[in-house]
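Remarks on the structure that follows.
Read-outs throughout are calculated quantities, based only on the coordinates presented, and are distinct from any laboratory measurement. Note that this is a predicted model, so its numbers are computed, not measured. With ideal geometry, Cβ positions are generated from the backbone for all residues, glycine too; neighbour counts draw on all protein chains shown.
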Amino acid sequence: MTKRIVCREAGYDCDFQVQSENEDELVEFVKEHAMNTHGTELSASDIRGLAVDI
Ligand SMILES: [Zn+2]
């Protein structure tokens, strides 16, 4: 199943989004993005909470 995470859903004014069939990969992408772009450390469970099935 493919999941998508949209950064805007996390409350940022940001057009970043990522989708993947691999949830671990998704978490890694979003973690990196949040750190590099927003200077925020998100936990894996926070990130999983933002993922929606598509
Ligand atoms: Zn962002």
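Scan the range 33-54 for residues that are over 9 Å from the mean Cα position of the chain (by Cα) and either within 12 Å of Gln17 (Cα to Cα) or loosely packed, with under 11 Cβ neighbours inside 10 Å (or both) and the total you get is 8. Checking the conditions here, which among Val27, Val18, Val6 is surrounded by 11 or more Cβ atoms within 10 Å (Cβ to Cβ) and more than 11 Å from the ligand (Cβ to nearest atom)? Criteria check complete, one pass: Val27.
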